Ligand SMILES: Cc1cc2nc3c(=O)[nH]c(=O)nc-3n(C[C@H](O)[C@H](O)[C@H](O)COP(=O)(O)OP(=O)(O)OC[C@H]3O[C@@H](n4cnc5c(N)ncnc54)[C@H](O)[C@@H]3O)c2cc1C
């Protein structure tokens, strides 16, 4: 609960429209995309960094939990205010402050929507590669806090590769500036990476300096189907061995192919064991050679069918299969948990085989799709409302994590730990490493007011 003294100070600091207290307003900031929810005691919308800092001072002094929030699209419960207190909506920080084409840098506020930044820089022939599937509504602040990845990660990497500097308000109200617009900068400790992927537990990002690239001139897409996941995985490795790094290499397993075909009827072979979508980008005159080389590699690896799309309309048609996986699964079962484990990419076939065994053991339908190029698999556990369904799924999720770890993998590749996986973090991290992380948290936030209860069991 927020006490009267703290509430009075917040009301003095903020305009009436920048603080929500009515239950029906607060309820809109209770949840994220996991569906977990807890209604906060108040929602505040600071308009500048100084206001963020002052709110943190008030909250720290009165020991009030504060949960920063972007678009609330997170898939690990990160922006759910599970200890009550304040949700800090970053909505007023929605400006692209600068696009510096000479230095290939953008300076943005944290609530800029990722796809809006893409459009703004692409109009100038520039490129911001991180592309989480939620980019139409997720924000740069949320992407930084979760170190979000996307389909283009195989060639271009994830959010951490593009953050050059940050302005951050700390739990005690201090405002720190990490990094700069300079490509070379070794002035003091490199604090920027510490905040990336910290899930809003160390500080509140109020400004970010982002690296840009020149926009690739063109792209070409190939869709191929294979009898087995092993054939598809060997193709992925062989493409890379051939020194071709595609911008994306996505896969669907046999259940995902079946679900999409039942939904779209686009002529996918339902007897196929795997489908790959491979996109190459770069200079126009080199792409034909590259995509033909990729096709040849597919043919060397038992391909059933390969289609190439050179024009945008045809490319969109091929991408429909990948983009419709989530929608097509809704028809299979009423409920779904989407895990995002990550394994070395050569272990994908073993991981898929393990999910088949786990599916049978627990009687839970498992559909896999994801990023073949970087080993990040979306393991979707589909279930209903029958008695015992929840327990069966919980058992299956544990087995999925155990299998991934057994293959040298991680329990999360891009969604983060938050509330959803905090009880399992010790399966991936040893006690010394986890202890070090707890000490870092305590140093930044000795009163444990910033996003408490997240990440750590
Ligand atoms: C359909 C769908 C598809 C998705 N696809 C992908 C994908 O391909 N790749 C991927 O990585 N993720 C994906 N996600 C997950 C999610 O979209 C990302 O984690 C995204 O980065 C969250 O951004 P957001 O603005 O919604 O953040 P929120 O959900 O609001 O917050 C996420 C975390 O960031 C913290 N936070 C937010 N703003 C700040 C700030 N300014 N300072 C400090 N901390 C802050 C919050 O406290 C919370 O811990 C997907 C989600 C959905 C629903």
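Couple of notes before you dig in:
- Residue that is in contact with a helix residue (DSSP H, G or I) (Cβ under 7 Å, 6 or more places away or on another chain) and surrounded by fewer than 18 Cβ atoms within 10 Å (Cβ to Cβ), where the choices are 3, 103: 3
- Leading residue by the ranking (nearest to the chain's Cα centre (by Cα)) among those in region 34-52 that are in contact (Cβ under 8 Å) with a residue 60 or more places away in the chain and either farther than 27 Å from residue 167 by Cα or outside the structural domain of residue 197 (by TED's automatic domain parsing) (or both): 34
- If only residues of region 23-48 that are assigned to a helix (DSSP H, G or I) and surrounded by fewer than 18 Cβ atoms within 10 Å (Cβ to Cβ) are counted, the one that is nearest to the ligand (Cβ to nearest atom) is 28.
- Filter result for the condition that a residue is within 15 Å of the ligand (Cβ to nearest atom), touching a helix residue (DSSP H, G or I) at 6+ places or on another chain (Cβ under 6 Å) and modelled with pLDDT of 95 or more, over 158, 205: 205
- When region 112-136 is filtered for residues that are within 24 Å of residue 450 (Cβ to Cβ) and near the ligand (Cβ under 7 Å from one of its atoms), the ones remaining, listed by number, are 132, 134.
- Residues that are more than 9 Å from the ligand (Cβ to nearest atom), touching a helix residue (DSSP H, G or I) at 6+ places or on another chain (Cβ under 9 Å) and on the phi > 0 side of the Ramachandran plot within region 65-97 comprise just one, 85.
- Among all positions in region 212-227, there is no residue which is crowded, with 23+ Cβ neighbours inside 10 Å and either within 14 Å of the ligand (Cβ to nearest atom) or within 23 Å of residue 81 (Cα to Cα) (or both).
- Every residue from region 236-257 that is assigned to a helix (DSSP H, G or I) and within 26 Å of the chain's Cα centre (by Cα): 236, 237, 239, 240, 254, 255, 256, 257
- Residue in region 57-64 that is in the same structural domain as residue 169 (by TED's automatic domain parsing), within 13 Å of the ligand (Cβ to nearest atom) and within 30 Å of residue 425 (Cα to Cα) present: no
Each row is one residue, and each column tells you yes or no for (1) surrounded by fewer than 20 Cβ atoms within 10 Å (Cβ to Cβ); (2) more than 20 Å from residue 144 (Cβ to Cβ); (3) over 20 Å from the mean Cα position of the chain (by Cα); (4) at pLDDT 95 or above.
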| position | (1), (2), (3), (4) |
| --- | --- |
| 62 | yes, yes, yes, yes |
| 67 | no, no, no, yes |
| 71 | no, no, no, yes |
| 74 | no, no, no, yes |
| 98 | yes, no, yes, yes |
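- Filter pass, residue 449 being within 16 Å of the ligand (Cβ to nearest atom), in contact with a helix residue (DSSP H, G or I) (Cβ under 6 Å, 6 or more places away or on another chain) and not assigned by TED's automatic domain parsing to the domain that holds residue 133: no
- A single member of 370, 416 is surrounded by 16 or more Cβ atoms within 10 Å (Cβ to Cβ), part of a strand (DSSP E or B) and within 19 Å of the chain's Cα centre (by Cα), and it is 370.
- Residue within region 280-293 that is under 25 Å from residue 366 (Cβ atoms) and either modelled with pLDDT under 90 or exposed (fewer than 15 other Cβ atoms within 10 Å of the Cβ) (or both) present: no
- Sole residue being assigned to a strand (DSSP E or B) and closer than 30 Å to residue 299 by Cβ, chosen from 222, 166, 268, 210: 222
The values are calculated or read from the model by the stated rules, or taken from the named source; none is laboratory data. The structure presented is a predicted model; accordingly, all values stated were derived computationally and were not measured. Here Cβ is always computed from backbone atoms with ideal geometry, including for glycine, and neighbour counts include all displayed protein chains.
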